[in-house]
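What follows is a set of notes on a single structure, which appears directly below.
The values are calculated or read from the model by the stated rules, or taken from the named source; none is laboratory data. None of these values were measured; they are calculated from a predicted model. Cβ atoms come from the backbone with ideal geometry, glycine included; neighbour counts cover every protein chain shown.
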Amino acid sequence: MRVESSRLFDVGGQRVEVRGDGEGVVSHAGVALLSGLADRVGLTAALGRRPRARRQRASAHDPGEVLRDVAVALADGGVCVSDLAVLRDQPELFGAVASHATVWRTLDRVAEDELGGVEGIAGARADARARVWAQAGGPPLVDGMVVLDVDATIVTAESDKVGAAGTFKKTYGHHPLLCYLDHGDGTGDALAGILRPGNAGSNTVADHLDVLDAALAALPPIGAGTPLLVRADGAGATHGLVAALRARGIAFSVGFDVTAKVRAATADLDQTAWVSVPDPQAGNRAGRRSKPKRWRPPAPAKPRPQVAELAVDLTGWPPGSRLIARREARSAGDQAELGDLDGYRLSVFLTDCTDDVVALDRRHRHHAHVEQRIRDAKDTGLSNLPHYDLALNAVWLELVLCAQALTCWAQRLLLTGALARACPKTLRQRLWHTAARVTRHARRTVVHYQRSWPWTPDLLAAFDRLAALPAAPG
């Protein structure tokens, strides 16, 4: 191969010569950690498991490995099948990766229910999750509870696709409903999702029950006596949903509309009933040093938010339901909203938990974690549903959830410190996109990560933890 002439550039104040004659160098070498984790916890084998009653077709590539590679490429930042070329073009590290045509044939077979359908992918993820929990010491608990967050999002479509329709946000696309397991530390596990038309209702009871049933089926056994809590925004405040949760023995915490009855009950509430919410950052600010600044008159301290329980007739809701209100003083310049009352911004939620109002408010507000999970999903392939067919896009959604689950499991089992809570973009910049040199020695492939890269010790420690995990039964 002829080496092209070198190029000279000024970079960072120094003269740099650029050539294209490097050998044995691979990029995105850190993502091998996710591929290895998928194999170690049995996700790859479970994805390739074919139901006996379904038609089988011989292939040079194992379907489980094909689906694993797609999920890994999505976790690496891919948005379409062609992005799998990042792995395919580096066989010295990632092996023989299927071609675009083979990947699409595999996705077609899943969509046609030949390989178990989307239920097969969800079941494979559930099997792997059980082994992850076994190695991590059990389910992640928040206040002693297993907490599930349900929320919907809009995925816009630039072209006509099956199921795409006008949305309530005046856009065009799909309206998937998702459920995540909150870990309480800013991370969460992807449990279930259903792909819905863009004009699907926000508070459709049947859809919420479908995604919750799928999420409950995805949970390994959590042990007797461990309570479950389902959180949702105002779309979950329907009699059908909370009645179904009560019938299943699951607690609920859902947003509630600020109706005229709620506003009247809030206005009639005695001022002594309001309890101030402690500042969660108060202890973290103590002793902080900052550089001197020009003196300015101190801004008036904004009152802390307050919470109280409202005495409202909740006939028709499950016995023991409680309505909790939170009010926050509007700052100067804040725009008034419809639910505001006497200069306060008012929000209300319905729950059947028995804790004090401050704890209930804090726990319900952490439902906002699901917003970050959805942003992560859109940063992991959900921003683009790549096919015209709805069934194929439903398979794509399941693989996005697999990619999110792999990232979550890696953070729980293999990473520590800030990396264990980092967002996908940070993990890619620091770990997944790390370059390395690949050599062969004693019939094995050796990956040499750069010694001076600040996160090389974290990568090596993660691979050590991966090697210590017991291999899933074949």
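A few points about this structure:
- All told, residue 172 falls short of being in contact with a helix residue (DSSP H, G or I) (Cβ under 8 Å, 6 or more places away or on another chain), aromatic (Phe, Trp, Tyr) and touching a residue at least 24 places away in the same chain (Cβ under 8 Å).
- Residue check, residue 38 at pLDDT 90 or above, in a helix (DSSP H, G or I) and either β-branched (Val, Ile, Thr) or out of contact with any strand residue (DSSP E or B) (no Cβ under 8 Å at 6 or more places or on another chain) (or both): yes
- Among the residues of region 111-124, the one identified as more than 16 Å from residue 194 (Cβ to Cβ) and either touching a strand residue (DSSP E or B) at 6+ places or on another chain (Cβ under 7 Å) or in a helix (DSSP H, G or I) (or both) is 124.
- The set of residues from region 350-361 being surrounded by fewer than 22 Cβ atoms within 10 Å (Cβ to Cβ) and either in contact with a strand residue (DSSP E or B) (Cβ under 9 Å, 6 or more places away or on another chain) or within 16 Å of residue 192 (Cα to Cα) (or both) comprises 352, 353, 354, 356, 357, 358, 360.
- Scope region 249-280; condition under 18 Å from residue 146 (Cα atoms) and free of Cβ contacts under 8 Å to residues at least 24 places away in the same chain; matching residues: 249, 250
- On the stretch given as region 185-233, residues that are closer than 20 Å to residue 134 by Cα and either touching a helix residue (DSSP H, G or I) at 6+ places or on another chain (Cβ under 7 Å) or surrounded by fewer than 22 Cβ atoms within 10 Å (Cβ to Cβ) (or both) total 19.
- Where a residue in region 113-134 is more than 9 Å from residue 46 (Cβ to Cβ) and in contact (Cβ under 8 Å) with a residue 60 or more places away in the chain and its partner, wherever it lies, is among the polar types (S, T, N, Q) and in a loop (DSSP other than H, G, I, E, B), with Cβ under 9 Å and at least six apart: 114/56; 115/56
- Pairs, first in contact (Cβ under 8 Å) with a residue 24 or more places away in the chain in region 378-399, second surrounded by fewer than 17 Cβ atoms within 10 Å (Cβ to Cβ) and not β-branched (Val, Ile, Thr), C-beta under 6 Å, six or more apart: 386/80
- Verdict on residue 73 being over 26 Å from the mean Cα position of the chain (by Cα), surrounded by 16 or more Cβ atoms within 10 Å (Cβ to Cβ), closer than 26 Å to residue 23 by Cα and among the small types (Gly, Ala, Ser): no
Yes/no matrix, rows are residues, columns are (1) modelled with pLDDT of 90 or more; (2) of a type outside the set (Val, Ile, Thr):
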site	(1), (2)
338	no, yes
342	no, yes
364	yes, yes
370	yes, no
387	yes, yes
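- Members of region 422-474 that are in a strand (DSSP E or B) and surrounded by fewer than 16 Cβ atoms within 10 Å (Cβ to Cβ): 437, 439, 440, 441, 444, 445, 446, 448
- Of all residues making up region 314-332, the number that are at pLDDT 90 or above and not hydroxyl-bearing (Ser, Thr, Tyr): 11
- Residues in region 408-459 that are farther than 21 Å from residue 24 by Cα and aliphatic (A, V, I, L, M): 410, 413, 414, 415, 418, 419, 420, 422, 427.
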